[in-house]
Amino acid sequence: MFKIQEYIRDIKNFPKQGIVYKDITPLLENPVATRKTLDAFLSFLEGHHIDKVVGIESRGFFFATLLAQELNAGFVPIRKPGKLPFDTHRESYSLEYGEDILEIHSDAIQEGEKVLVHDDVLATGGTAAAACKLVEKLGGEIVQCNFLMDLSFLNGKEKISSYKVVSLISY
Ligand code: AMP
């Protein structure tokens, strides 16, 4: 039986001491495993219409673009500050130490469009919550928030509890 876990590699103490980094590159290198992962995501979206798939920089981009193609939807990147060239909306959010900012192009989503938000890892949920706020600032309606995995001990699902959350694996 296919197990996504077998294609996710733990890297201890990356990018800093005490963090166990979930490396998805073994999954991305394997086209069969990538296809099966994509199919698993799609099974949660049957019967739903999606206009835009929003991917969060940078590892959210991989499956977000694949999902957008499969769903016949547009792909929209949410990026770190200063990376998007056109007019942007921005949202700041708190990290364990300090703050960070995410941006979206101000014309990327139209009022009432149905949106799927995707990232690789749901940790504390701050990043996903900020991404959802940006989508809603533009008038988008969030159908679902999608993750390859969540780190359940960090309770990220609580920060986005007003949305439907799908995570293929929980650690
Ligand atoms: P958070 O805002 O705490 O939910 O963090 C989520 C963001 O940080 C996602 O964009 C992830 O790609 C990244 N992230 C957080 N923790 C990890 C981890 N242990 N391994 C890989 N990426 C992580």
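The values are calculated or read from the model by the stated rules, or taken from the named source; none is laboratory data. Fair warning: this is a prediction, and the values are worked out from it, not measured in the lab. All Cβ positions, even for glycine, are placed from backbone atoms using ideal geometry, and neighbour counts span all protein chains on display.
Couple of notes before you dig in:
- Residue check, Phe41 surrounded by 18 or more Cβ atoms within 10 Å (Cβ to Cβ), under 14 Å from the mean Cα position of the chain (by Cα) and more than 13 Å from the ligand (Cβ to nearest atom): yes
- Condition met for Lys83 (within 28 Å of Ile4 (Cα to Cα), surrounded by fewer than 19 Cβ atoms within 10 Å (Cβ to Cβ) and of a type in the set (D, E, K, R)): no
- The numbered conditions (1) within 16 Å of the ligand (Cβ to nearest atom); (2) of a type outside the set (S, T, N, Q); (3) under 17 Å from the mean Cα position of the chain (by Cα); (4) in a loop (DSSP other than H, G, I, E, B) are all true for Phe61 except (4).
- Annotation for the range 11-32: at least one member residue is part of a helix (DSSP H, G or I), within 19 Å of Asp150 (Cα to Cα) and away from the ligand (no atom under 13 Å from the Cβ).
- Filter result for the condition that a residue is of a type in the set (D, E, K, R) and in contact with a Pro (Cβ under 7 Å, 6 or more places away or on another chain), over Glu158, Glu111, Glu103, Glu91: Glu103
- Yes/no for Tyr97 being modelled with pLDDT of 95 or more, more than 15 Å from Ser58 (Cα to Cα) and not in a strand (DSSP E or B): no
- Residue in the range 86-104 that is surrounded by the fewest Cβ atoms within 10 Å (Cβ to Cβ), counting only those that are away from the ligand (no atom under 14 Å from the Cβ) and under 15 Å from the mean Cα position of the chain (by Cα): Glu103
- Residue match in the range 74-83 (condition: under 15 Å from the mean Cα position of the chain (by Cα), modelled with pLDDT of 95 or more, farther than 22 Å from Val166 by Cβ and in a loop (DSSP other than H, G, I, E, B)): yes
- Taken over the range 105-134, residues that are touching a residue at least 60 places away in the same chain (Cβ under 8 Å), buried (at least 22 other Cβ atoms within 10 Å of the Cβ), under 13 Å from Ala73 (Cβ atoms) and in contact with a Lys or Arg (Cβ under 9 Å, 6 or more places away or on another chain) amount to 2.
- Number of residues in the range 129-156 that are more than 6 Å from the ligand (Cβ to nearest atom) and either in a helix (DSSP H, G or I) or closer than 15 Å to Ile101 by Cα (or both) equals 12.
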